[in-house]
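The values are calculated or read from the model by the stated rules, or taken from the named source; none is laboratory data. All values reported here derive from a predicted model rather than from experimental measurement. Every residue, glycine as well, gets a Cβ built from its backbone with ideal geometry; the counts of neighbours run over all protein chains shown.
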Amino acid sequence: MLAHTSQIQYNKAMSNAINLERYYTIEDYFNLYEDGLCAELELGKLFMSPSPVGSHSKMCHHLNLQLGNYFWQKKCEVFTEFDVRLFADEDTICRPDLLVLCDPSKYSERCITGDPDFVVEIGSFGTLKRDLGQKRLNYERAGVREYWVVENPYLVHTFVLGGDGNFAEQVYRNETAVKVQIFADLTIDFTPLQRGMFGG
C-alpha cells in the first residue's frame with residue numbers, strides 16, 4: 001500500500017512539473033519514461049496515465065493469466081503495459097494494458113515498432129473515451145488484427161479488422177465468455193471476475 005501511494009504521489013508531482021502544452025518527440029518520451037513517469041504520446045502530445053485501481057489490476061492479471069496459458073510454448077508472446085510505436089514516422093506511443101505479438105522482428109527491449117496482433121485495453125473513467133476513440137482509430141490505421149476494450153467483466157467491446165482495412169465492432173453484454181476471433185480455440189472466461197469482483 002505504501003509503495004502504491006508513493007507512486008501516485010510521484011506521478012502527481014511529475015505531472016505538475018511537466019509542460020503538457022509543448023510538443024514531445026519519441027526521444028523526449030523515452031527520457032521521461034526513464035525518470036519513472038507513466039504516460040502515452042499522441043502526435044507529440046503527452047497524455048498522463050492514471051494509476052490503476054484495484055479492479056483494473058485484477059482484470060489485467062486475470063486476462064494475462066489466460067493469454068499466457070494459451071500462448072505457452074507457442075510462437076506468439078504476451079506483453080503487459082509495454083510501449084508500442086505503431087507508426088515509424090509519427091511521435092506517437094501507446095502503452096496497452098495487454099498485447100499479443102506474433103512477429104518477433106517488431107520487438108526490441110525499448111518498444112514494439114509496428115502493429116501487434118491483438119490488443120486489450122482495460123477501460124476506466126479516465127481512459128475509456130480515448131480507448132474507444134483515438135486509440136481505436138490508431139489501432140485500426142496501423143492494422144491491428146483484433147482490439148478489445150473491456151469496460152468491466154459484463155461489458156466488452158471487440159473490434160476485428162476486415163479485408164477492407166476497417167474494424168467491425170461487436171459489443172458483448174453479460175456474457176460469461178468471449179471468443180478471440182483471430183486465434184483458434186482462444187476464449188476469455190469472465191466468470192471468475194464476475195463472481196469475485198461484482199458479486200455475480
Scan region 150-163 and give yes if some residue there is closer than 21 Å to Lys45 by Cβ, in the same structural domain as Phe82 (by TED's automatic domain parsing) and part of a loop (DSSP other than H, G, I, E, B), otherwise no. no
Listed by first then second residue, the pairs whose first member lies in region 148-169 and is on the phi < 0 side of the Ramachandran plot, whose partner is assigned to a strand (DSSP E or B) and among the acidic types (Asp, Glu), with beta carbons under 6 Å and at least 6 positions apart or on separate chains, are Val149/Glu121; Phe159/Glu169; Val160/Glu146
What do you reckon, is Asn166 within 23 Å of Gly54 (Cβ to Cβ) and out of contact with any Cys (no Cβ under 7 Å at 6 or more places or on another chain)? no
How many residues of region 115-128 are closer than 15 Å to Arg141 by Cβ and in a strand (DSSP E or B)? The answer is 1
Since Lys45 meets every condition but one in (1) crowded, with 19+ Cβ neighbours inside 10 Å; (2) modelled with pLDDT of 90 or more; (3) outside the structural domain of Tyr139 (by TED's automatic domain parsing), which condition does it not meet? (1)
Does region 97-114 include one or more residues that are in a strand (DSSP E or B), among the aromatic types (Phe, Trp, Tyr) and surrounded by 22 or more Cβ atoms within 10 Å (Cβ to Cβ)? no
Test set (1) more than 27 Å from Arg141 (Cβ to Cβ); (2) surrounded by 15 or more Cβ atoms within 10 Å (Cβ to Cβ) - Thr92 fails condition number: (1)
Can you name the residue in region 52-79 that is at pLDDT below 95 and among the aliphatic types (A, V, I, L, M) and is also farthest from Pro116 (Cα to Cα) among such residues? Val53
Listed residues Glu81, Glu77, Glu90; which is more than 14 Å from the chain's Cα centre (by Cα), within 21 Å of Phe30 (Cβ to Cβ) and acidic (Asp, Glu)? Glu90
